[in-house]
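Right, one structure below, let's go through it.
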2 protein chains.
Amino acid sequence: MTVLVLSDWWPLQETVECVPNFSTSDPKVVKEIVGEITRVPSAYLLDHSFDDYYNRLVVTVVGTKESVVRAVLNASFRAVRLIDMNRHKGQHPRLGAVDVVPFVPVENATISDCISLSRDYGKTLGEELGIPVYLYGEAASTPERRDIDWIRQGEYENLDEMIRRPERKPDYGPSTPHPTAGATITGARSMMVGFNVNLGTTSLTIGKKIARALHGSKGGLAFVRAMAAEIPQMKEIQIGMSIYNFEGTPLHRVFELLKVEADRYNVPITRSEINGVIPIKAIVDAARFYLRLSNLSDTKILETSIVRAIRTKP
Amino acid sequence: MTVLVLSDWWPLQETVECVPNFSTSDPKVVKEIVGEITRVPSAYLLDHSFDDYYNRLVVTVVGTKESVVRAVLNASFRAVRLIDMNRHKGQHPRLGAVDVVPFVPVENATISDCISLSRDYGKTLGEELGIPVYLYGEAASTPERRDIDWIRQGEYENLDEMIRRPERKPDYGPSTPHPTAGATITGARSMMVGFNVNLGTTSLTIGKKIARALHGSKGGLAFVRAMAAEIPQMKEIQIGMSIYNFEGTPLHRVFELLKVEADRYNVPITRSEINGVIPIKAIVDAARFYLRLSNLSDTKILETSIVRAIRTKP
């Protein structure tokens with residue numbers, strides 16, 4: 001049985017999460033990168049996944065502020081030695097070997113703390129490895145740079161030209177791409193939920209229309225980024241979504257709108273999955289919506305309730 | 001923020017829950033009964049609620065085995081002194097002042113432990129207060145007695161006659177009702193979820209038909225007991241349900257079947273609520289169903305995942 005415990009039982013001080021994305025799906029390279037994370041004391045590997053279609057490795061690590069920065073720096077140094085972007089192909093947009101490195105507050109840490117961490121990280125990468133680094137999200141130095149898609153325009157293949165534009169001068173490091181590692185984007189954001197929904201169709205055209213309907217900046221839901229991808233072995237299309245504020249745009253709204261848009265093309269939803277990890281609150285909110293629960297607070301949850309009763313007993 | 005922690009972080013040994021139901025809604029009496037619970041060390045009051053319509057107080061207490069039995073015995077002794085069943089009216093079926101006292105395993109405790117506790121409790125009530133006591137649920141001494149509805153047939157008003165029947169000889173105490181406290185039912189069961197759904201109708205007839213459609217022993221869902229009640233101040237009917245095995249009959253199935261049955265009478269669902277407390281697993285299961293999540297295990301939940309990563313790091 002799993003048990004809910006209140007935050008002051010939390011076992012770590014100032015906990016942050018980091019979700020570095022590396023441009024590789026080579027199992028040997030993956031193993032070496034992940035090994036750099038697990039080697040650091042007080043840095044804890046939560047999840048890592050990689051696939052050939054995206055040719056991308058996504059690692060989730062949590063821990064104290066110092067340990068997470070140390071672990072991700074070590075992993076990044078290793079990745080830069082092992083990955084050659086000149087030979088990289090994949091369906092996910094990317095600028096470099098260490099493509100994007102967001103820092104996320106989890107407990108007893110703020111978004112400001114995470115902005116500082118991303119600056120420390122970016123500065124080190126720029127100075128010690130000569131990699132151009134862009135700050136994005138809450139750490140961005142200009143309004144456009146808040147948007148990772150804007151920074152990634154042209155991708156690795158056009159970086160050499162794009163990076164020379166004055167409005168694209170890197171925040172750290174040189175104004176020329178690293179010969180094999182391209183550029184890196186780092187920054188701070190709030191907890192993100194990765195939500196993938198599979199559709200019973202092989203039409204990428206339909207998938208793209210549905211993804212566009214969901215995508216915030218294209219007229220969809222405010223805090224959603226969506227893209228469609230083929231899952232050839234399952235003969236399905238997957239709508240891969242990032243919900244970057246799950247309290248603002250809850251899971252049920254994403255799922256129900258997706259259902260409506262898919263209906264229009266007579267495409268069924270076959271299943272969905274959480275990509276990475278999800279805060280329990282997002283799950284509770286979904287149940288609350290679907291069951292029309294008017295009173296599902298913390299105090300109604302057995303496990304939370306027990307621990308609170310123990311702590312508050314006179 | 002609330003955080004999930006694995007069971008070996010659990011702060012108590014052998015934790016059980018008890019949910020005694022007392023036949024009162026007099027705030028002064030409620031206060032005295034609840035006071036007996038909170039007074040006992042290592043017994044923790046999770047919830048208590050009472051209302052005039054049912055004229056009933058439902059208390060949820062958890063703690064170590066010994067402390068819970070002690071707290072509920074003290075509360076029962078107090079209730080017997082303060083409640084006179086000869087003057088009790090209410091819409092909920094009942095046999096006595098201390099109507100029903102189920103013991104429930106929570107953590108590091110089994111249903112067998114809870115059967116023993118209910119026997120200790122019942123024996124004490126019978127011997128020290130002269131109250132006839134029936135064992136029900138998993139503690140029942142005959143197959144019919146597993147069913148609390150069977151035991152409560154005729155209610156307090158007909159107890160004097162019913163109790164004389166040989167098949168209804170109490171498990172403890174005398175074979176005559178206590179003059180002011182009637183009889184008590186105690187036993188063991190697994191964790192139960194109280195789920196109430198309100199309907200936008202004032203027709204109790206329709207409400208009763210819907211409740212019957214849901215009720216397990218009347219052809220509805222296996223682990224559901226349902227009854228309809230008027231909520232006059234809201235001009236609504238409430239279907240009050242107990243799901244006594246929420247893994248066997250999950251919340252979503254109850255809610256969706258209720259929706260279908262209500263549709264038949266063109267009655268809308270206005271809202272629902274959890275009565276008492278609910279294990280987090282029941283909530284996660286509902287979200288998993290509605291969002292069609294194929295991979296929502298413990299390892300996908302951020303908080304659980306962090307604690308596990310910390311505990312298992314070499």
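When you go through (1) over 29 Å from A:I278 (Cα atoms); (2) more than 12 Å from chain A (Cβ to nearest Cβ); (3) open to solvent by less than 10 Å² (accessible area, probe 1.4 Å) one by one for B:Y265, which number turns out not to apply?
Failed condition: (3).
How about the stretch B:226-238: which of its residues are hydrophobic (A, V, I, L, M, F, W, C) and closer than 11 Å to B:G200 by Cα?
B:I231, B:M234, B:I237
Taking the criterion of being more than 8 Å from chain B (Cβ to nearest Cβ), under 26 Å from B:V61 (Cβ atoms) and surrounded by 15 or more Cβ atoms within 10 Å (Cβ to Cβ), would at least one residue in the stretch A:232-252 satisfy it?
No, the stretch A:232-252 has no match at all.
Considering each of B:S294, B:S305 in turn, give the residue that is in contact with a Lys or Arg (Cβ under 8 Å, 6 or more places away or on another chain) and among the polar types (S, T, N, Q).
B:S294
Is it the case, given these coordinates, that B:E138 is farther than 17 Å from B:L117 by Cα, open to solvent by 60 Å² or more (accessible area, probe 1.4 Å) and at pLDDT 95 or above? Show your work before the answer.
Working: farther than 17 Å from B:L117 by Cα: no; open to solvent by 60 Å² or more (accessible area, probe 1.4 Å): yes; at pLDDT 95 or above: yes.
So B:E138 does not fit the description; no.
Name the residue that is modelled with the lowest pLDDT, counting only residues in the stretch A:288-303 that are farther than 22 Å from A:S190 by Cβ and outside any loop (DSSP other than H, G, I, E, B).
The selected residue is A:T299.
Considering only residues that are more than 8 Å from every other protein chain (Cβ to nearest Cβ) and either of a type in the set (A, V, I, L, M, F, W, C) or touching a Lys or Arg at 6+ places or on another chain (Cβ under 6 Å) (or both), which ones fall in the stretch A:253-262?
If the condition is that a residue be more than 8 Å from every other protein chain (Cβ to nearest Cβ) and either of a type in the set (A, V, I, L, M, F, W, C) or touching a Lys or Arg at 6+ places or on another chain (Cβ under 6 Å) (or both), then A:V254, A:L257, A:L258, A:V260, A:A262 are the ones that fit.
Please verify whether the stretch A:155-165 includes one or more residues that are out of contact with any Lys or Arg (no Cβ under 8 Å at 6 or more places or on another chain) and under 24 Å from A:P279 (Cβ atoms).
For the stretch A:155-165, residues out of contact with any Lys or Arg (no Cβ under 8 Å at 6 or more places or on another chain) and under 24 Å from A:P279 (Cβ atoms): absent.
Could you check A:K313 against (1) more than 12 Å from every other protein chain (Cβ to nearest Cβ); (2) over 28 Å from A:L46 (Cβ atoms); (3) open to solvent by 40 Å² or more (accessible area, probe 1.4 Å) and say which number it fails?
It fails just one condition, (1).
Working only within the stretch B:2-38, note down all residues that are over 30 Å from B:Y156 (Cα atoms), exposed (fewer than 15 other Cβ atoms within 10 Å of the Cβ), more than 9 Å from chain A (Cβ to nearest Cβ) and at pLDDT 50 or above.
B:Q13 - this is the single residue of the stretch B:2-38 that is over 30 Å from B:Y156 (Cα atoms), exposed (fewer than 15 other Cβ atoms within 10 Å of the Cβ), more than 9 Å from chain A (Cβ to nearest Cβ) and at pLDDT 50 or above.
In the stretch A:153-188, what residues are within 20 Å of the chain's Cα centre (by Cα) and open to solvent by 20 Å² or more (accessible area, probe 1.4 Å)?
Matches in the stretch A:153-188: A:Q153, A:E155, A:Y156.
Give the residues of the stretch B:113-127 that are in contact (Cβ under 8 Å) with a residue 12 or more places away in the chain and open to solvent by 10 Å² or more (accessible area, probe 1.4 Å), sorted by residue number.
B:D113, B:I115, B:L117, B:R119, B:D120, B:K123, B:T124, B:E127 - these are the residues of the stretch B:113-127 that are in contact (Cβ under 8 Å) with a residue 12 or more places away in the chain and open to solvent by 10 Å² or more (accessible area, probe 1.4 Å).
Check whether at least one residue in the stretch A:289-310 is within 7 Å of another protein chain (Cβ to nearest Cβ), of a type in the set (S, T, Y), open to solvent by less than 60 Å² (accessible area, probe 1.4 Å) and farther than 14 Å from B:I283 by Cβ, and report yes or no.
Scanning the stretch A:289-310 turns up no residue that is within 7 Å of another protein chain (Cβ to nearest Cβ), of a type in the set (S, T, Y), open to solvent by less than 60 Å² (accessible area, probe 1.4 Å) and farther than 14 Å from B:I283 by Cβ.
Quick test of your reading of the structure: B:L46 fulfils all but one of (1) within 14 Å of chain A (Cβ to nearest Cβ); (2) out of contact with any Pro (no Cβ under 9 Å at 6 or more places or on another chain); (3) within 26 Å of B:A140 (Cα to Cα). Name the failing condition by number.
If we test B:L46 against (1) within 14 Å of chain A (Cβ to nearest Cβ); (2) out of contact with any Pro (no Cβ under 9 Å at 6 or more places or on another chain); (3) within 26 Å of B:A140 (Cα to Cα), just (3) comes out false.
Residue by residue through the stretch A:142-152, note down the ones that are under 12 Å from A:I185 (Cβ atoms) and open to solvent by 40 Å² or more (accessible area, probe 1.4 Å).
A:R146, A:D147, A:D149, A:W150
The values are calculated or read from the model by the stated rules, or taken from the named source; none is laboratory data. None of these values were measured; they are calculated from a predicted model. In this analysis, Cβ positions are derived from the backbone assuming ideal geometry, glycine residues included, and neighbour counts consider all displayed protein chains. Heavy atoms of the whole protein, side chains included, go into the accessibility calculation; ligands, DNA and RNA do not. Shrake-Rupley method; radii C 1.70, N 1.55, O 1.52, S 1.80 Å.
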